[in-house]
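Here's the structure, in structure tokens; my notes come after.
Computed from the coordinates by the stated procedures, all read-outs in this text should not be read as laboratory data. This one's a predicted model, so the numbers in the text were calculated from it and none came from an experiment. Cβ sites come from the backbone with ideal geometry, for glycine too, and all protein chains shown count toward neighbours.
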């Protein structure tokens, strides 16, 4: 309990106390706190356990790269594991739990791994756990899985909602620190549309914790003044709590805004997070720089933070990291922290500086130890002291917190997400962004500018350049003075040799210098290999804290420069983004739109049970009272069609009208069968092939005029067929006079099938429907007695005397009602997909069960349709290849069980009697199967090797997956009315 | 070239020597002027080919040339799924052969690739999809591979966290292959590399092939590289993603388009998903959890030709929509990182392991997004082809001329459009 | 590209509105062309690294097929034109 809240200072509302809990313990924070600062104010430095060795850890940063202080916030469907306490905004009632510990945060059994660390160094698991063979999955892997991971997912549905939006701007400024503010102000004053986005809940970035005066006022006041002006401008959008996480093609940036993650009770009408897709003409990356930890023995004890984190907690949150704070620094940052601490009355134990001499000023009375390093630290769950070494002499320094500074790494992540390799700069002693094009520029400390004044200048200058580039008259704003700015230079120290404890490079993943040494010794010296072997840089900060140190250490071990080592590629996301935000509203039932036929209401009124077929909801069957199963309803519907009449909604079929002087010629090239001589007023079944000779889709072609056709497609392929026809007309044959018009949604279409269909239909149609006046395959406009025009087709999918009637969608329900009324006395039944499927299987009509993208026209018995005498049609040339015409291809047949009561199912395979199951012996498969109410037993359609030659053969329907073997007889694939007497009636 | 034997005992022994005794996993040799076999591509397939050439066929005068570092292509960019749940006669025996090799891999090359047979479940959402999976499951069983068709209740018992009550596309059941699962992708690369190196194969990183040299008779004699000319009797290409590019150097035009497939990993969490789950209703999604705790998942390819190892936001959002729709409990978790791999998308979704019309040139390509699970069999079959000049029995359908002959192996039935495969 | 496409008819539109077919270079051979020509048209692709021409379909927009000329390494778009304005087509 050594960190504490100062009695004054900080950007806090000290009157607004906020209650929260940590591991069930009630605590109080202030408005303006993060969870981490509030915990520190309550003396809670220990916030988490590390990944592998379960070492006790406190926060090491005060920002979004935090590797240690990860907690689970909330419970149930709102539980968020791995939340970084350093950026989690405190709110009333927040509950946080520590992670990766058992039974408790302060006593964690898993910490025994630390003692085992010589045995479980980098990649140890690749070298063992192989014996006995079966133990990996049963014993070792479950142990590893349980030990690994951080927080626990509740795996419950999220009660909150998410939203998405697009935004356009001239200039997107990423980061609202000194650089970003100056850039936004400069561009906005010039009239550019500016979006300024920052991940913080308060805009201002480092100015919010800055103790230097800017423009003659406190830095935070300067930030407020700039923000006030920006807020007053209509061309500026300020987005706080908004993380730009990705840079995608065409200057599209992905950003996620926390809308209600910081409120106690989210309003249901607002999303908790909103995804922004920002299209920017230009963008400036002003993401600042991350202070590097120093790598020395025991550098991970709770209480050891970067110097800037100590400063931020002190100046912005009014919290001191300790009562007696030591500083270990290789540049001015540590001295500034010491000064700020001293100014607030916090004791500074010593400043330890590895440099021989420094120009930085220490606070009065504070001991500076030059030429010195730290080789070890003490204290298990909180820092108690450190071991200082200078010229071979060791000394213990007592302290309860340590501020460390190893220099600065520009935060270049976003600019290097698209494959650009960061380049090493000797001057900045860091990796910088290479040229990534003129539209996206890096500014301020993200570009390696070390001082505050340089950042202010650079932000303005880059904005001037980009705004002018877009034609705005932009001018440098007055750059405010920064008073008393120290020399920002530092001398890099990659790691401190002679470490007594582990010197961690990647805190979260527990990667220490020894691991990198092992990787190097074993040949994993490539930066990507070292990363993958040791997992350095693979933690939730994606190496923001560790990558530069890793490169420095590997370079030292190999005796080369960091330029030769390089650094692993950055990839989205800048910081982790919730699944919810990226998914938005298109989840659960809203995952895809639901398509409903214009006859949906009619079907519902008749008791339809709807089933999902693709995006459509279609009637599966029409349940009547007393019917106990879908099959009972289906059987009644089938019998009605075979004996009387049935009415089926076929509105979902794709419908495409084709016009033009060469429409017939066009269709003749599209279908494998002949279209040219199709008479006006007639329809024809048509088969389309892909260019590789395989069947693409089937449907009907009706000719309404010399230059006017109507095509139908299957429901599933409606959009693919339209794309295919558009391609053919625009790309393959752009000179043909043809126009296509999709009209699927314009028409409600009804199939009226059954021996009594004509009588019933005639009752509502003016025109003569007798066989002579309206023969098989007739397709014409007719007038309904309701007084409207309709399209009538004499087509049959069921094999019965049947018609399809199409009326404008808005009239669909009225016409369906009229037909039901007209057929009431004749026993008309509405029928659904299940009955339709049975009717077509009984007739041997194929669907995409048979046309599965691998079958030819000949395979399914439609080879006679192939009009090979035509000079050209799509699929003609390649349809004659050896493999597509081989004698042993699978061919469509029917199957009847030898024992009538046996059931066959689609998906079963076929075997010769007595043959052993094997791929070589596989004879084919059942594509469709059903119980036939007409025949009183199961029937099936199957694709069988050389099937048409095998009529009468007894074959095994082999369904080992469902423990079934049925002997069946191969028969022609038409089970009902093979001579088509019924449909010709 | 003695191989350091890895074992628990070795770990203890080294631990007491402050872990200073571990030897390099592979040498870093200078390329020799000539090899019996030069393999281009130091990914999983190239390295496993070298390993099996040496181990099974005794051919050790072999070099593997890699333009970057080993495993820098798709070997390190996949979602680590292994399975053998295929439909077609050209595929199922090959992938089952591969799965069997996975099952003995660790003992075979003395490296723990963390092969984890946790079960692969393909969910179905309609009767039609159930029938298609039944057909596939029965095809597997025909080949002696176990498969189970699960109904909704059985899926619910295994995967209680799926969205059963508010799904746009109802979960009706699934096809389970219990022997399917995952493996640690980087370890596979390193294990094969270590095994090949110890048998005398020269593994050469940072060596980009810039040209293929052929003599006046047309036969291949070697390759130009950024490290000079390297001669060989046989040249084997295993450069999936870049096969067209490398093939063109030898004068090949291939039935391939390169496409980008994104993959994702979440922040690490405690064990939550114990299987590999695949979902295909209106969109496509698959997910498993790594031993480290990250949820590893992916969706469809971005859909356009690309050699950039990165994708776009539209597909990212699509993947998340599918993921949260299937597993509502993902909503508050966070995705950590996304990346892209460049796929050889072939014209029927199946690979090519074949000789070419150019003497001494051997080809291994066209793995689409299914190459990882094939790594062991691909290497062994390619090695067989190179060593014996005839295809391995289980890979005999993967011919380059199958399109000319109308013998496409179209597992998805999508036809000759690579971005639909 | 790949985030946004400038359709010559509709202006800048998001990628989600389009579907992609593939290489726009192969031209459909005449019906009586050689087997090799047909095989090449349907199955073989140059698949170069760099500048390519690709068929995109503005499916959720104007339903026009477009030729998108772009770089498949940098994803930079060079031009977007209506396919019918460029292609000569096959047999008439």
Notebook entry, point to check: Quick one: Cα centre-to-centre distance for segment C:44-88 and segment A:900-942, in angstrom?
Noted result: 47 Å
Note to self: Sort A:161-170, B:62-71 by the packing proxy (mean of other Cβ within 10 Å over each peptide's residues), most packed first.
What the structure shows: B:62-71, A:161-170
Checklist line | segment B:71-212 - Rg (one decimal) and Dmax (whole number), Cα, Å | finding: 18.9, 59
Notebook entry, point to check: Can you give the helix-only mean residue ellipticity at 222 nm for chain C, where every DSSP H stretch with n ≥ 4 adds -39500 (n - 2.57) and the sum goes over all residues, rounded to the nearest 500 deg cm²/dmol?
Noted result: -3500 deg cm²/dmol
Check: If you project the alpha carbons of chain C onto the principal axes, what extent comes out on each, in Å, largest first?
Finding: 41, 30, 18
Next item on the list: Work out the mean other chain Cβ neighbour count within 10 Å for the residues of C:73-80 and drop it here as an integer.
Entry: 4
Item checked: Which of A:767, A:478, A:300 has the fewest Cβ neighbours within 10 Å, and the rest in rising order -> A:478, A:767, A:300
Next item on the list: Place the peptides A:593-606, C:61-74, A:751-764, B:6-19 in order of packing, highest mean first, counting for every residue the other Cβ atoms within 10 Å and averaging per peptide.
Entry: A:751-764, C:61-74, A:593-606, B:6-19
Notebook entry, point to check: Which whole-number percent is the relative contact order of chain A (Cα, under 8 Å, 6+ apart)?
Noted result: 9 percent
Notebook entry, point to check: Applying 1/(1 + (r/R0)^6) with R0 = 41 Å to the Cβ-Cβ distance of residue B:158 and residue A:604, what FRET efficiency is obtained, to the nearest 0.05?
Noted result: 0.75
Notebook entry, point to check: Average partner chain C-beta neighbours within 10 Å, per residue of A:491-500?
Noted result: 0
Next item on the list: Give, in nm to one decimal, the length gained when the segment between residue A:235 and residue A:104 is fully stretched (0.36 nm per residue of separation minus the Cα-Cα distance).
Entry: 42.0 nm
Margin query: Counting just the Cα atoms, what span does segment A:841-985 cover along each of its three principal axes? Round to the nearest Å and put the largest first.
Written below: 50, 46, 23
Notebook entry, point to check: Where both partners of a DSSP beta bridge lie in the protein assembly as shown, what percent of those bridges are antiparallel, to the nearest 5?
Noted result: 75 percent
Next item on the list: Normalise the Debye intensity by I(0) for segment B:1-132, one equal point scatterer per Cα, no solvent, then take log10 at q = 0.20 Å⁻¹ and round to two decimals.
Entry: -1.41
Next item on the list: Mind giving me the FRET efficiency for residue A:396 and residue A:115? R0 is 25 Å, r the Cβ-Cβ distance, nearest 0.05 is fine.
Entry: 0.60
Check: Taking the alpha-carbon centroid of each part, what is the distance from segment A:165-179 to segment A:59-99 in angstrom?
Finding: 27 Å
Item checked: Cα-based Rg of segment B:356-414 normalised by 2.2 N^0.38 Å, two decimals -> 1.17
Next item on the list: Work out the FRET efficiency for residue B:405 and residue A:75 from their Cβ-Cβ distance, taking R0 = 45 Å, and round it to the nearest 0.05.
Entry: 0.15
Notebook entry, point to check: For segment B:62-172, what's the relative contact order in percent, using C-alpha pairs closer than 8 Å and at least 6 residues apart?
Noted result: 25 percent
Check: Looking only at other chains, what is the average number of their beta-carbon atoms within 10 angstrom of each beta-carbon in A:562-571?
Finding: 1
Check: Per the helix-only calculation at 222 nm, which mean residue ellipticity applies to chain A, given -39500 (n - 2.57) for every DSSP H run of n ≥ 4 and division by its residues, nearest 500 deg cm²/dmol?
Finding: -5500 deg cm²/dmol
Item checked: Per-selection Kirkwood Rh - chain B (Cα, Å, 1 d.p.) -> 22.1 Å
Next item on the list: Based solely on C-alpha atoms, express the radius of gyration and the Dmax of segment A:735-788 in angstrom.
Entry: 14.7, 47
Check: What angle, in degrees between 0 and 90 and rounded to the nearest 10, separates the Cα long axis of helix A:630-643 from the longest principal axis of the Cα atoms of chain A?
Finding: 30 degrees
Checklist line | Packing rank of B:40-53, A:573-586, B:165-178, where each peptide gets the mean count of other beta carbons within 10 Å, highest leading | finding: B:40-53, A:573-586, B:165-178
Next item on the list: Starting from the Kirkwood radius over alpha-carbon pairs of segment A:408-449, derive D by Stokes-Einstein at 20 °C in a medium of 1.002 mPa s and give it in µm² s⁻¹.
Entry: 208 µm²/s
Check: Where the centre of each part is set by its Cα atoms, how far does segment B:296-329 sit from segment A:276-292, in angstrom?
Finding: 23 Å
Note to self: Give the average over all directions of the projected area of the C-alpha convex hull of chain A, one decimal, in nm².
What the structure shows: 50.5 nm²
Checklist line | 0 to 90° range, to nearest 10: angle between helix A:812-822 axis and chain A longest Cα axis | finding: 30 degrees
Checklist line | C-alpha long axis of helix A:452-469 to longest principal axis of chain A, angle in ° | finding: 40 degrees
Next item on the list: Using only Cα positions of segment A:153-206, each an equal point scatterer, no hydration layer, compute I(q)/I(0) via Debye at q = 0.29 Å⁻¹ and quote the log10 values to two decimals.
Entry: -1.11
Item checked: Helix-only mean residue ellipticity at 222 nm for chain B, each DSSP H run of n ≥ 4 adding -39500 (n - 2.57), per residue, nearest 500 -> -9000 deg cm²/dmol
Note to self: With an 8 Å Cα cut-off and a minimum separation of 6 or more residues, compute the relative contact order for segment A:416-456 in percent.
What the structure shows: 26 percent
